[in-house]
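Bear in mind these aren't lab numbers, they're just calculated from the coordinates by the rules spelled out. Everything quoted here is computed from the prediction, not taken from an experiment. Don't worry about glycine lacking a Cβ; one is built from the backbone with ideal geometry, like all the others, and counts go over all protein chains shown.
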Amino acid sequence: MEKKSISEFIKNSKFLTIINLYSVRIHLLCCIIFLNGCDNFVEVELPSSQLTAKTVFQDKATADAAMVSIYASMRDSGMLTGSRTGMSNQIGNYADELVYYGTVTGSTINFYNNSILPSNSDSTNWWNTGYNQIYKANSIIEGVNASPLLAVGTKNQLTGEALFIRSLFHFYMLNLFGDSPYVTSTDYKQNKELYRMPVSDLYAHIIADLELAVSLLPEKYISIDRIRPNKSAAMALLARVYLYDGKWAEAANAASYLINNTAVYKWETDLDKIFLKESGTTIWQLIPRTVGQNTQEGETFIFTAAPPRLVALSEQFVNGFEPGDQRRVFWIKSLTKGTSTWYHANKYKQKSNTSSTVEYSILLRLAEQYLIRGEARAQQGDLIGAKEDLNKIRNTAGLTGTKAISREEILNSILQERKAEFFTELGHRFFDLKRANRLDEVLQPIKKGWNTTDRLFPLPETEMALNPNLTPQNPGY
């Protein structure tokens, strides 16, 4: 995507009032024409003329097409993409998971060296595409609300999905950049002058949006393969947000909602099956672009010849697994050349196309809900319940029950378990260390460029030049 500031982007009046035809048609074709049998996606061609907001929301088919286009763009660009420019790779290098082996001109080197500047193209792209997706979600909300033709059920579904997307991106924006604008409209005059909102207020807005999304979305998935969020997906994200915001009881209750839904979410004990597209532990995932294509995460992390050309798992990180941890066996693969050995993430096992797609990019899965509830229970003093949730994950990994006894020991064990469970998944490790106030302790000894202020990314200099209300810059930049 062309790198424009979000302020420049929202000045484009066509985007403010329309869903661009080409974006919708391309993503729609990717999800319909190339995906045989995906009958829950829209099955109609869009009008050949420019698609106005009024036209988009005249019927369910084109309104769904606009929603589907957001998921396709999330998959292909920005912070959530599984490519080398997304968070799974870049934040993995920024923290302690990965070692960079690419060229000195590659964009990852600045993440690996913790030398991100306000001019950094990838972090600027995350900011711009993040607000781009938020803006599209707001367009859906406004268009649906203004439509006299859509059925109430369709309006609720699309509004709930759009609120979910708006919440998701604001959640990542605040955890990457700290205080930041919360955008709820497509009024470019208003948006180009927005102030940064304190993190506490951002969490309040995110929670309000997600609680509304939960009330609007249906219990059942409306698409095959869990690629359109339902009530449970919104509840899963809400559980995470509650946890990050220190609302322990609410986090435990939200996580329990999914854990107790055993009719839909089936616990998987075979570690080789958890990242397959049919996994019963998947809550929400993104479908690849074409039939036979698998995940960008597989393309990014798997290497078949040594030494690696881009990244490998840190040897120190790999050696940090407990003896007997089967995730070390099933989710990590090694290649040796001479006397040297390198390791890559092997959660997704397909680097290239297969005759039919076998893996989708998973964004929310059930294991997180157990560890959310375990942590929330420990924070509330329910140590027995916390250990039960922690041991659910440990036992599946082939480990015995935790020996942790005190609240602090259990919380440390959960942090270690999250490290082993969620490596190379959308920056979990970095965000966990950050909220546990362990970044300096863990990263300063192993990262030469690490500074305390690196817990936040800099706001893009282009944005601050266009909107003085975004000042001051984050400390250290």
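Dividing the Cα radius of gyration by the Kirkwood radius, what Rg/Rh value follows for the range 400-459?
Values: Rg = 13.2 Å, Rh = 12.9 Å.
Computed over Cα atoms, the ratio is 1.03.
For the range 119-133, 3J(HN,Hα) computed residue by residue from phi via the Karplus equation (6.51, -1.76, 1.60; θ = phi - 60°) reads 8, 4, 6, 6, 5, 5, 5, 4, 4, 5, 5, x, 6, 4, 5 Hz, glycine and proline entered as x. Annotation: amide H-H contacts under 5 Å for Leu363 (H modelled 1.01 Å from N, sequence separation of 5 or more, or interchain): Trp284, Gln285, Leu286.
Rg and Dmax of the chain, both derived from C-alpha coordinates alone, stand at 21.7, 69 Å. Put +1 on the Cβ of every Lys and Arg and -1 on every Asp and Glu Cβ in the chain; which of Gly324, Thr354, Ala65 then has its Cα farthest towards the positive end of the dipole? Of the candidates, Thr354 comes out farthest on the positive side. With all pairs of separate Cα atoms included, the range 201-317 yields a Kirkwood hydrodynamic radius of 16.7 Å. Placing +1 on the Cβ of every Lys and Arg and -1 on the Cβ of every Asp and Glu, with nothing else charged, gives the chain a dipole about its Cα centre of roughly 480 debye.
Less than 5 angstrom separates the built amide H of Asp179 from those of Val199, all sequence-distant by 5 or more or on a different chain. Got a sec? Which residues in the range 337-362 would a label at Thr304 touch, if it sits 7 Å along Cα→Cβ and we count backbone N under 12 Å? Flagged as within label range: 350-354.
If you take the C-alpha gyration tensor of the range 292-448, multiply each eigenvalue by 5 and take the square root, what semi-axes do you get, largest first, in whole Å? Intermediate results must be reported in sequence, preceding the final value.
Details: eigenvalues 174, 72, 43 Å².
Equivalent ellipsoid of the range 292-448: 30, 19, 15 Å, largest first.
Fraction of C-alpha pairs exceeding 14 angstrom in the range 227-266: 44 percent, rounded to a whole number. When the C-alpha to C-alpha distance is required to be over 31 Å, the pairs from Lys192/Lys347; Lys349/Lys419; Lys247/Lys448; Lys347/Lys434 that qualify are Lys192/Lys347; Lys247/Lys448. Couplings 3J(HN,Hα) of the range 448-457, computed from phi: 4, x, 6, 10, 4, 6, 6, 5, 10, 8 Hz, in residue order, whole Hz [Karplus 6.51 cos²θ - 1.76 cosθ + 1.60, θ = phi - 60°; x for Gly and Pro]. For the range 93-137, a Kirkwood radius taken over Cα pairs fed into Stokes-Einstein (37 °C, viscosity 0.692 mPa s) yields D = 279 µm²/s. In order along the range 240-245, phi translates into HN-Hα couplings of 5, 5, 4, 4, 4, 8 Hz, rounded to whole numbers, per the Karplus curve 6.51 cos²θ - 1.76 cosθ + 1.60 with θ = phi - 60° and x for Gly and Pro. Shape summary of the range 80-168, radius of gyration then Dmax from alpha carbon positions: 18.2, 55 Å.
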